[in-house]
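Asker: First the structure, then my questions, so here it is.
The values are calculated or read from the model by the stated rules, or taken from the named source; none is laboratory data. As the structure is a prediction and not an experimental result, all values here were calculated from the model. Quick reminder, even Gly has a Cβ in these numbers, built from the backbone with ideal geometry, and neighbours come from all protein chains shown. Note: accessible area is taken over every heavy atom of the protein model, side chains too, but ligands, DNA and RNA are not part of it. Shrake-Rupley method; radii C 1.70, N 1.55, O 1.52, S 1.80 Å.
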Amino acid sequence: MATMTLQFDDLLARTRAHCREAAREASIPQDRADAAWLDIHRHGQQRPEPRPITRTVREGETIKFTMQLADGHETESVILPMQGRTGRPRTTLCLSSQVGCALGCGFCETAAMGLVRNLEPAEILDQWHAARFRLDAKITNIVFMGMGEPMENLDAVLAAIEVLTDRSGAGIPASRISVSTAGRIAGIDRYREFMSRDDFRQLRLAVSVNAPNEPIRRDLMPITRAEPLEELRQAMNRWLQCGGRTILVEYVLIPGVNDADDHPAMLAAWLDGMDCRVNVIPYNPRRDSPWPAPDEAQVEQFIARLRDSGCHVNRRRTMGRDVMAACGQLGRPDIRRRVPLRIPS
Ligand code: SF4
């Protein structure tokens, strides 16, 4: 463990128990460290020079905010008020795990940036801290679905989850935290091992599938070339066999690409009775998109066919389209530092 100081980042990125342990090793009085930790995690104390929130864009109750990091790069996060399935209101915070992303999904605004860099745990947690204490949002749920592929920066994401679930601080139950992946199989397996620990068994996994078959997915999501659909399905089944909760299968519906009449049945056959729920997300055209958004009739018809094929289906309400805060729309077109796509052998 790194040497403990009472600096903001050190305290923000640790659970209370880790903070106590590190304080003991650094001969810092425990009550001093404890009080400093609580000031940040419970009472919203800010860092001496708060990271500037450079943009806040609202559409209805959806808020997209951009925060500037010490090196000038930015994170983007979205606060989404929603109603849960039981009708109870909830407020979901969508977190970024990287600046940009290397995976190059064809429907995604972030992809145009390439990967700039991974975020540190404190930079992930700062997004929660800003949403909670500077924008005064009562965050009930967390999704790692913002900029970046969380499995590419999994150490930092898991460290952030440990802090977010700490009952002395944010206290967000594991059951209300989802990590979404474009299909990094090694990452899914590591996340599964983490989930197998006491306290984390209720964590959620979301997998962005987006295609009924391998050729369409390969065109939309280059990662498919390295991580074929069949291997992805096996990783998802391992998650379920180890007691993981129902998987959320995300399907961005793009007219003329993955919405043909026979695609719902093909997707259902691929899922093969897996314990999952398909979340149909009407495509939000990114800048310079070659595809339009689907119309209401196309979405409804696709969902009806999926249900007829035996799938459990949700429809994601389209929120934030006008502020480019909807799924696959985070990222700044003016930050483009492309790095080659890294596909493991
Ligand atoms: S959809 Fe996700 S994994 Fe794909 S490029 Fe965008 S941020 Fe990366």
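Asker: Give, in nm to one decimal, the length gained when the segment between Arg238 and Asn314 is fully stretched (0.36 nm per residue of separation minus the Cα-Cα distance).
Answerer: Values: separation 76, 0.36 × 76 = 27.36 nm, distance 2.33 nm.
Full-extension gain reported as 25.0 nm.
Asker: Can you give me the Cα centroid spacing of the range 106-128 and the range 160-219 in angstrom?
Answerer: Between the Cα centre of the range 106-128 and that of the range 160-219, the gap is 16 Å.
Asker: Using unit Cβ charges (K, R positive; D, E negative) and no other charged atoms, how large, in debye to the nearest 20, is the dipole of the range 250-305 about its Cα centre?
Answerer: Details: 4 positive and 10 negative charges, 40 e Å.
The dipole magnitude comes to about 180 debye.
Asker: Once amide H atoms are built 1.01 Å from N in the peptide plane, which residues 5 or more positions from Arg55, or in another chain, come under 5 Å H to H?
Answerer: Excluding prolines and chain starts, which carry no amide H, the hits are Thr66.
Asker: Please state, as a whole number in µm²/s, the translational diffusion coefficient that the Stokes-Einstein equation yields for the range 214-326 at 10 °C and 1.306 mPa s, with Rh defined as the Kirkwood radius across alpha carbon pairs.
Answerer: 105
Asker: Relative contact order, percent, of the range 51-323 when contacts are C-alpha pairs under 8 Å separated by at least 6 residues?
Answerer: Relative CO of the range 51-323 lands at 14 percent.
Asker: Give the relative contact order (percent, whole number) for the range 1-153; include only Cα pairs under 8 Å separated by 6+ residues.
Answerer: 19
Asker: Heavy atoms of the protein only, probe of 1.4 Å, neighbouring chains included. What is the accessible area of Asp261 in Å², nearest 10?
Answerer: 100
Asker: Now for a different question. How large is the dipole of the range 194-309 about the Cα centre if only Lys and Arg carry +1 and Asp and Glu carry -1, each at its Cβ, rounded to the nearest 20 debye?
Answerer: Dipole of the range 194-309, to the nearest 20 debye: 480 debye.
Asker: If you restrict to DSSP beta bridges whose two residues both lie in the range 51-323, what percentage is antiparallel, to the nearest 5?
Answerer: Given both bridge residues lie in the range 51-323, the antiparallel proportion sits at roughly 50 percent.
Asker: Put +1 on the Cβ of every Lys and Arg and -1 on every Asp and Glu Cβ in the chain; which of Val157, Ala17, Ala211 then has its Cα farthest towards the positive end of the dipole?
Answerer: Farthest towards the positive end: Ala17.
Asker: Quick check: with the 1.4 Å probe, what order do Val143, Val207 take by accessible area, largest first?
Answerer: Result, largest first: Val143, Val207.
Asker: Accessible area, 1.4 Å probe, largest first: how do Lys64, Lys138 sort?
Answerer: Descending order: Lys138, Lys64.
Asker: Considering only protein heavy atoms and a 1.4 Å probe, what is the carbon-and-sulfur percentage of the accessible area of the chain?
Answerer: That fraction is 45 percent.
Asker: Which of Glu152, Glu59, Glu162 moves most in a GNM of the chain, Cα contacts under 10 Å?
Answerer: Glu59
Asker: If the elastic network links every pair of Cα atoms under 10 Å, which of Met151, Met274, Met67 fluctuates the most in the Gaussian network model of the chain?
Answerer: Met274
Asker: Of Pro29, Pro212, Pro150, which is the most mobile in a GNM of the chain whose springs link Cα atoms less than 10 angstrom apart?
Answerer: In this elastic network of the chain, the residue with the biggest mean-square fluctuation among Pro29, Pro212, Pro150 is Pro29.
Asker: While we're on this one: What is the extension gain from Phe194 to Arg58, computed as 0.36 nm multiplied by their sequence separation minus the C-alpha to C-alpha distance, in nm to one decimal?
Answerer: That works out to 45.4 nm of additional length.
Asker: In Å, what Rg and Dmax follow from the Cα atoms of the range 1-82?
Answerer: Expressed in Å, the Cα Rg and Dmax of the range 1-82 come to 15.9, 49.
Asker: Can you give the three extents of the C-alpha atoms in the range 51-323 along their principal axes, from longest to shortest, in whole Å?
Answerer: Here the Cα extents, ordered largest to smallest, are 49, 43, 39 Å.
Asker: Continuing with the same structure: For n ≥ 4 DSSP H runs only, could you compute -39500 (n - 2.57) per run for the chain, divide by its residues and tell me the 222 nm figure to the nearest 500? If you can, show how the numbers build up before the last one.
Answerer: On the way: 10 runs with 100 residues, N = 345.
Estimated from H runs of four or more residues: -8500 deg cm²/dmol.
Asker: I'd like to check one number: the per residue accessible area of the chain, probe 1.4 Å, reported in Å² as a whole number. Walk me through the intermediate numbers first.
Answerer: Working: 14930 Å² over 345 residues.
Per-residue accessible area for the chain comes out at 43 Å².
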